[in-house]
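The values are calculated or read from the model by the stated rules, or taken from the named source; none is laboratory data. Because the structure is predicted, anything quoted here is derived from the model rather than measured. So basically every Cβ, Gly included, is an ideal-geometry build from the backbone, and we count neighbours across all protein chains shown.
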Amino acid sequence: AEAEPLKIIFDHDGGIDDFVTLLLLLSRPADVKLLGITILDADCKIDLAVNTTLKILYTLGFRDVPVAASSLQGANPFPELWRWSPLRRVPYCRTVDVQPLINGMRPEELEPQRVKTPGEDFLAELLLAQPEPVTLVSTGPLSNVAHVLTRYGEAAASKIKKIYWMGGALRAHGNVVAPGHDGTAEWNAYWDPEAVGAVWRSRVPLVLVPLDATNAVPVTPDLVYRFGPQSDSRYSVLAGIIWSKVISWVYERPHEPYYAWDTLTAACVLRPGLCEVEETVETYAVTEGRSQGRTALADDADEDAGTCRPEEGAEGGSGRGGACSAAV
Ligand code: AGV
Ligand code: CA
């Protein structure tokens, strides 16, 4: 007999790859039931990120997935340059929002799925209402998840089967370039380091998909060509259009191209064999100082004290979880 679809809550932040991730989750209705979507005002302007999400849902025929905008802000916001293209004063994620394929509806048709409750509270409501624990896929900073775990403790934690989070860097270098930072952190962790500490302390089962894994999946022209044979699928056409916006990065900035960071994370949920998972990795999160947002293996801290230890009192908490370390 067919297994029940996995019940998933998707928590994202409107990046280019966050939208391809949404497409991936929607494309497998036999495997995934999306219970709701919460969005953080991080990698895209929040109103735009919410609207694009609603448009994708509507276009693909999903009329019962509520979408809520979080009111939370991080300690270290993303550079405005990512949220707004400096050339045209257009948010980067606008390149997704303008696509005719997702603009066939009247604006009011999007309204029924827009939730008025702030995203962080809606996430709590949704979780607490679940009869059984569900899967959380988080592809932005952990602020919403941390809020719920901090505010509702075990009542919320017991409703989370597992968190899959794109974030952190264990043995890989970080991707934060910011004044006063040493570059050891990944951006989702750096945006709200306290949230990482809170999620770690909650001890909710966590599968981390860090830069170590996502470094294997740069978005290249070859990747997008592979959608060709599936061009009768709207999912593939949309995914190809969205990825095409960032294929030039592998040439323009080969040291730091665009990656399918978040999409790999969801792919690990849908196809566990895709990722090699290291079981029960002890890590800690640094919440203050020049390494803030760093997620490090506890072993490393012991081995090379000094460079790898968190600053005194700056440890956000250690956590036990799986880390997705390699991917195809
Ligand atoms: O660090 C990766 C995370 C992913 O969730 N995001 C982008 C993905 O959605 C932040 C990020 C890192 N480098 C970036 C990012 C860049 N150059 N442009 C936009 N976002
Ligand atoms: Ca993201």
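Of all residues in region 29-60, those being of a type in the set (D, E), within 14 Å of ligand 2 (Cβ to nearest atom) and closer than 18 Å to F122 by Cβ number 1.
Yes/no per residue for (1) surrounded by fewer than 18 Cβ atoms within 10 Å (Cβ to Cβ); (2) of a type in the set (K, R); (3) under 17 Å from the mean Cα position of the chain (by Cα):
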{"residue": "N51", "(1), (2), (3)": "no, no, no"}
{"residue": "A75", "(1), (2), (3)": "yes, no, no"}
{"residue": "R106", "(1), (2), (3)": "yes, yes, no"}
{"residue": "P133", "(1), (2), (3)": "yes, no, no"}
{"residue": "N144", "(1), (2), (3)": "no, no, yes"}
{"residue": "R151", "(1), (2), (3)": "yes, yes, no"}
{"residue": "E154", "(1), (2), (3)": "yes, no, no"}
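The residue of region 9-28 that is farthest from ligand 2 (Cβ to nearest atom), among those that are surrounded by 24 or more Cβ atoms within 10 Å (Cβ to Cβ) and of a type in the set (D, E, K, R), is D11.
Residue count for region 141-171 satisfying the condition of being of a type in the set (A, V, I, L, M, F, W, C), within 13 Å of ligand 2 (Cβ to nearest atom) and in a strand (DSSP E or B): 2. Looking across S202, S231, S244, S248, one residue alone is hydroxyl-bearing (S, T, Y) and crowded, with 21+ Cβ neighbours inside 10 Å. It is S202. The residue that is modelled with the highest pLDDT, counting only those in region 235-279 that are among the charged types (D, E, K, R) and within 16 Å of ligand 1 (Cβ to nearest atom), is D262.
Scan region 29-49 for residues that are surrounded by 22 or more Cβ atoms within 10 Å (Cβ to Cβ), free of Cβ contacts under 8 Å to residues at least 60 places away in the same chain and out of contact with any strand residue (DSSP E or B) (no Cβ under 7 Å at 6 or more places or on another chain) and the total you get is 2.
For region 177-188, filtering for residues that are touching a Lys or Arg at 6+ places or on another chain (Cβ under 7 Å) and either surrounded by fewer than 24 Cβ atoms within 10 Å (Cβ to Cβ) or outside any loop (DSSP other than H, G, I, E, B) (or both) leaves 4.
Restricted to region 195-219, and to residues there that are touching a Phe, Trp or Tyr at 6+ places or on another chain (Cβ under 9 Å) and away from ligand 1 (no atom under 16 Å from the Cβ), the residue that is nearest to T184 (Cα to Cα) is G197. For G174, indicate whether it is within 16 Å of ligand 2 (Cβ to nearest atom), modelled with pLDDT of 95 or more and either assigned to a loop (DSSP other than H, G, I, E, B) or polar (S, T, N, Q) (or both). For G174, the condition - within 16 Å of ligand 2 (Cβ to nearest atom), modelled with pLDDT of 95 or more and either assigned to a loop (DSSP other than H, G, I, E, B) or polar (S, T, N, Q) (or both) - is met. Considering (1) out of contact with any strand residue (DSSP E or B) (no Cβ under 6 Å at 6 or more places or on another chain); (2) within 30 Å of R151 (Cβ to Cβ), the lone condition that L297 does not fulfil carries the number (1). Pick from region 251-264 the residues that are exposed (fewer than 14 other Cβ atoms within 10 Å of the Cβ) and either more than 16 Å from ligand 2 (Cβ to nearest atom) or hydrophobic (A, V, I, L, M, F, W, C) (or both): which of them is nearest to A169 (Cα to Cα)? Per the criteria, the residue is H255. Every residue in region 1-59 that is β-branched (V, I, T) and under 14 Å from V134 (Cβ atoms), please. Once the filter is applied, which keeps residues that are β-branched (V, I, T) and under 14 Å from V134 (Cβ atoms), region 1-59 yields I8, I9, V32, I37, T38. Within region 31-71, the residues that satisfy the criterion of being within 16 Å of ligand 1 (Cβ to nearest atom) and part of a loop (DSSP other than H, G, I, E, B) are L40, D41, A42, D43, C44, K45, S70. Each residue in region 1-28 was checked for being more than 19 Å from L126 (Cβ to Cβ) and either over 17 Å from the mean Cα position of the chain (by Cα) or away from ligand 1 (no atom under 12 Å from the Cβ) (or both), and 7 of them qualify. Taken as a whole, the structure leaves G104 outside the set of residues that are at pLDDT 95 or above, touching a helix residue (DSSP H, G or I) at 6+ places or on another chain (Cβ under 8 Å) and within 12 Å of ligand 1 (Cβ to nearest atom).
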